[in-house]
Amino acid sequence: MSSPVRPRVAPALHGRWTLRARRRGPDRSPWPGLAAEHSGGYHAATPQRGGGTAPFGLPVLAELPELAAVLDRLTVADDALLDAVAGLAELLATDRVETVTGVGVEHWLTIVARTTRMDRRLLLRACRLLGRLPALDAAVRAHRVSFAQLRGLTIALRHAPRRLDDQIDGVLASLLASLQEFERP
């Protein structure tokens, strides 16, 4: 290490105490050489010195492939959830499920939600929200938002009146357009 770091306890807001690192030396960095330093996008492996690739743009994951595999499975699961919501929204837009099976999509979700512990109401709200907001629908289908972000928007907009749909859709479209470098965490 180029400079020693000595933690000290200092008073913070509201009378609570926090732990702060006291920086010394020419580089003034409290934690030099952080191993998990991000070096690129999360969506792809980036070339590394020595010919290999760093999973998710994090060189430390090349040294720990088990963690990289778990993170990759989580990314695949998130994409699968987004695809499932988009497919479910398409099925809700038609009456084909009810015509063929005799019961609606809601019934099938109740059966599956019981076994997978997925919230049926959340899925239905998210699908209906995609039908109301074309910009969000396009973002979900392009995987520009994560399932957690879709869930958050669904919960936040569950009581939004339909008369505001055009305005909300315009705000979402402009936000997504201005975030060209928008990446999922």
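Where a number appears in this text, it was derived from the coordinates with a stated rule and is not lab data. Bear in mind that the values here come from a model prediction, so they are computed numbers and not experimental data. All Cβ positions, even for glycine, are placed from backbone atoms using ideal geometry, and neighbour counts span all protein chains on display.
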| query | Radius of gyration and Dmax for segment 91-185's Cα atoms, expressed in Å? | reply | 14.9, 45
| query | Which whole-Hz ³J(HN,Hα) couplings does segment 92-97 yield from phi under the Karplus relation 6.51 cos²θ - 1.76 cosθ + 1.60, θ = phi - 60°, glycine and proline marked x? | reply | 5, 6, 10, 10, 4, 4
| query | How much net charge surrounds Gly170 when only the other residues with a Cβ under 15 Å from the Cβ of Gly170 are counted, with Lys and Arg +1 and Asp and Glu -1? | reply | -1
